[in-house]
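> Before we start, here is the structure in question, set down as structure tokens.
Nothing in this text is a laboratory measurement; each read-out follows from the coordinates by a stated rule. Quick caveat: nothing in here was measured; it's all calculated off a predicted structure. In this analysis, Cβ positions are derived from the backbone assuming ideal geometry, glycine residues included, and neighbour counts consider all displayed protein chains.
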Amino acid sequence: MKNNPVPVAGSQSAEPPVFVVGASRSGSSLLAAMLNAHSRIACGPESQLLNKLKPAVLKRMFRDRNWPALAVERVSRVVLAEQRVIDLFGVSEQELFAALKDREPSVAALFDALVGTYAAKKGKPRWAEKTPRHLLHLDTLRAAYPEAKIIRIVRDFRDSAISMRQLPWASRQELVNCYICSEWFERTGDFFLQDDKSLTVKYETLVREPEKVLTEICSFIGESFESGMLDTSSSGMDVMSRNESWKQQVTGELDESRLYRWKGLFTQEQKVAFDLCAGGLLAEFGYEVESRPRKKVSLLSIDRAFLEELGGQIVRVANKGVAIEYCPNSALAGPALVDLRKGKSVSKYLRTLKVVLSRVIRGKTTFGYLGDAPGGSAVWLRLCFGVTVIKSLDDLV
């Protein structure tokens, strides 16, 4: 993971905050509701701060002489499910400004002003924040809050992929969603191997043994377990907006029948494809994997458009033993798959070429899918030294 491009230090939180991260539809809302039910912890809806306020925006904001007025303006524009985030938190622009006016510009100041103010208004001394895609901003969170506790919740990607179809921004194809989940965890795995203030919990275990898991979590964050955390009928309302119908289940009772739904919904061909798409990570997290690839292939430019178009072909070659992977390099991957589009900039080309050359040096083969690519793309692929160009995924079998 990369160094932080924006000022992050300067937290004034009296107690270390708790961040809950993970892939979408992995149980993060349920865990947030359980934490919010604790008498000392307030956890509201997703702040989306690092997801919606990109590094370039943060840099300009922190350097602007109009801080904190500009910060209030920018944060007030952050929207979740067609509602302003500050409205979801019940924090006014005036309260946000008051919390920022004596603070040095930083990421921590933004979180403290929004989520910290929310917790104070709830009468709780400690706050937790849950935005799943903050999983992609772990270095920034850690630099902003060196003592913060970060909890990663993991769910079987195959179930997450099915559930993600409810989300307005996600794909209707489960395989695309599975690639998104696996990429997020692939890119961030090293952080959790090295960070001693982070914890990984499995959604399935939380549902089956909630008291045991919550006791472990409370011990980890330095709190005492409270039986009230098992009742999210009220606390669950705080972690969602009225337009997020897919989160309604967090206020109900735990339902084990929703675990491993993929087993009854996927065809055998789909099961094989998912095993090959994410089997390594699934096995690492202790999930069932039956099929193993006889060959793994690293392919350039695996973005959402590619997956949407060629999902059927990926399933077909998977059932012939070939696992198609994106090149495992963060510089090449760039933004998360969900954000990528077909357009490629010159700088992206240069980064790609650098990655390919490094793979050549290490004896790794990189493939580039040509298909019906326009002339410019075809020329680029053919000029990219070290790339084996294919016109069909069947060429990989």
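> Please say if the stretch 178-319 is rounded, prolate or oblate, where rounded means a/c under 1.5 for a ≥ b ≥ c the square roots of the C-alpha gyration tensor eigenvalues, and otherwise the choice is prolate for a/b larger than b/c and oblate otherwise?
prolate
> When a/c reaches 1.5 or more, the comparison of a/b and b/c decides; with that in mind, is the stretch 57-178 rounded, prolate or oblate per its Cα gyration tensor?
Since a/c reaches 1.5 and a/b is larger than b/c, the shape of the stretch 57-178 is classed as prolate.
> Sequence-distant or interchain residues sharing an amide H contact under 5 Å with K295, placed H: which?
HN-HN under 5 Å from K295: A323.
> Which FRET efficiency value, to the nearest 0.05, is calculated for K364 and K212 with the Förster distance at 45 angstrom and r the Cβ-Cβ distance?
Values: r = 43 Å, r/R0 = 0.95.
With a Förster radius of 45 Å, E is 0.60.
> In what order do H38, H137 fall by count of nearby beta-carbon atoms within 10 Å, going from fewest to most?
Final ranking by Cβ density, sparse to dense: H137, H38.
> Once each part is reduced to its C-alpha centroid, what is the distance from the stretch 161-178 to the stretch 23-62 in angstrom?
If we compute the Cα centre of each part, the gap is 21 Å.
> Now for a separate question. What fraction of the DSSP beta bridges in the stretch 18-258 is antiparallel, stated in percent and rounded to the nearest 5? Walk me through the intermediate numbers first.
Details: 2 of 18 bridges.
Here the share of antiparallel DSSP bridges comes out near 10 percent.
> Still on this model: Distance in nm between label sites at L230 and R261, each 7 Å beyond Cα in the beta-carbon direction?
It works out to 2.5 nm between the two label points.
> Using each residue's phi in the stretch 286-298, evaluate 6.51 cos²θ - 1.76 cosθ + 1.60 at θ = phi - 60° and report the 3J(HN,Hα) Karplus result to the nearest Hz, with x for Gly and Pro.
x, 8, 5, 9, 9, 9, 10, x, 8, 8, 10, 10, 8
> Give the calculated FRET efficiency between K296 and S241 to the nearest 0.05, with a Förster radius of 56 Å applied to their Cβ-Cβ distance.
On the way: r = 41 Å, r/R0 = 0.73.
FRET efficiency, K296 to S241: 0.85.
> Still on this model: What nm distance separates the two modelled labels at Q313 and D196, each placed 7 Å from Cα along Cα→Cβ?
Each label point is offset 7 Å from its Cα along the Cβ direction, giving 4.9 nm.
> Output ³J(HN,Hα) for the stretch 71-84: one whole-Hz value per residue in order, computed from phi by the Karplus curve 6.51 cos²θ - 1.76 cosθ + 1.60 with θ = phi - 60°, and x for Gly and Pro.
4, 4, 4, 5, 5, 5, 7, 5, 10, 10, 6, 6, 10, 5
> Amide H neighbours of V387 under 5 Å, counting only residues 5+ apart in sequence or on other chains, H built in-plane at 1.01 Å?
Here the answer is none, since no amide H 5 or more places off falls under 5 Å of that of V387.
> Could you list the square roots of 5 times each eigenvalue of the Cα gyration tensor of the stretch 18-258, that is, the equivalent ellipsoid semi-axes, sorted largest first and rounded to whole Å?
On the way: eigenvalues 150, 84, 64 Å².
Listed largest to smallest, the semi-axes of the stretch 18-258 are 27, 20, 18 Å.
> Could I have the simple spin-label model distance between Q94 and T388, label points 7 Å from Cα toward Cβ, reported in nm to one decimal?
For the pair Q94/T388, the computed spacing is 6.8 nm.
> Would you please give the FRET efficiency between V397 and K121, computed as 1/(1 + (r/R0)^6) with r the Cβ-Cβ distance and R0 = 56 Å, to the nearest 0.05? Please list the in-between numbers first.
On the way: r = 60 Å, r/R0 = 1.07.
Approximately 0.40, to the nearest 0.05.
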